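Notes for the one structure printed next.
The values are calculated or read from the model by the stated rules, or taken from the named source; none is laboratory data. Source: prediction; values computed, not measured. Backbone-built Cβ (ideal geometry, glycine too); neighbour counts: all protein chains shown.
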Amino acid sequence: MVTLRLLPRRLACLLSSLLLAGLAGAAPADFAGRWQLDPEASTSLDPWSGLEMEITVGDDSLALVRHFKAGPREATETLALTHKPVAQEITVEGWWDNRHIDAWLANGNRITVTPRWNDAGDSLVLTIAMVLETQQGDRAVGVTRTFTLEDDGRTLREVQVRESRKRPVIHVYRKP
């Protein structure tokens, strides 16, 4: 009899757990894989004509590798980080998001990136601090890149906000 009384309670707990797991949404590992830019759904990529991104999520590591293309010209940006939400100074290949402003990374291509997972893993926020060389001199610039995985699990939206620009840059990626 004791077992029969506990059965409804145990069944309710099991169903609640399953429901909560279904509502939890994406996990950081769901961001992993190869992502192709959807140019029709994104802000113009000028001066590039193509962009592909690979995301690797390990137990303690996180890597985002973007491959830019324009005809025979190619460039790569690698952000190799830990999951810790602390500022991490890294060296990158270049700043390929410059969009015709004739600004280049200073300080030996060193940038500081602080990663942070939000919403129980549904979004990744990268806060980036860098110094750019311009004709008017060096200038510190902050960029926030927010990646959100949509419910279909095959669409990744990046909103890039630069403190020196009024409008965000939107990149929509799809899993091929």
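Every condition in (1) exposed (fewer than 12 other Cβ atoms within 10 Å of the Cβ); (2) closer than 17 Å to residue 158 by Cβ; (3) polar (S, T, N, Q) holds for residue 61 except the one numbered (2). With respect to residue 146, determine if the residue is buried (at least 17 other Cβ atoms within 10 Å of the Cβ) and at pLDDT 95 or above. When the stated conditions are applied, residue 146 passes them. Checked against the criteria, residue 148 counts as in contact with a Ser or Thr (Cβ under 8 Å, 6 or more places away or on another chain), closer than 23 Å to residue 48 by Cβ and not in a loop (DSSP other than H, G, I, E, B).
Taking the criterion of being assigned to a strand (DSSP E or B) and either in contact with a Pro (Cβ under 6 Å, 6 or more places away or on another chain) or farther than 22 Å from residue 167 by Cα (or both), the residues of segment 116-132 that qualify are 116, 117, 118, 126.
Of all the numbered requirements in (1) part of a helix (DSSP H, G or I); (2) under 21 Å from residue 115 (Cβ atoms); (3) at pLDDT 95 or above; (4) not polar (S, T, N, Q), residue 62 misses one, and that requirement is (1). Each residue in segment 122-140 was checked for being surrounded by 19 or more Cβ atoms within 10 Å (Cβ to Cβ) and closer than 12 Å to residue 105 by Cα, and 2 of them qualify.
Looking only at segment 110-121, residues that are β-branched (Val, Ile, Thr) and loosely packed, with under 13 Cβ neighbours inside 10 Å come to 0 in all.
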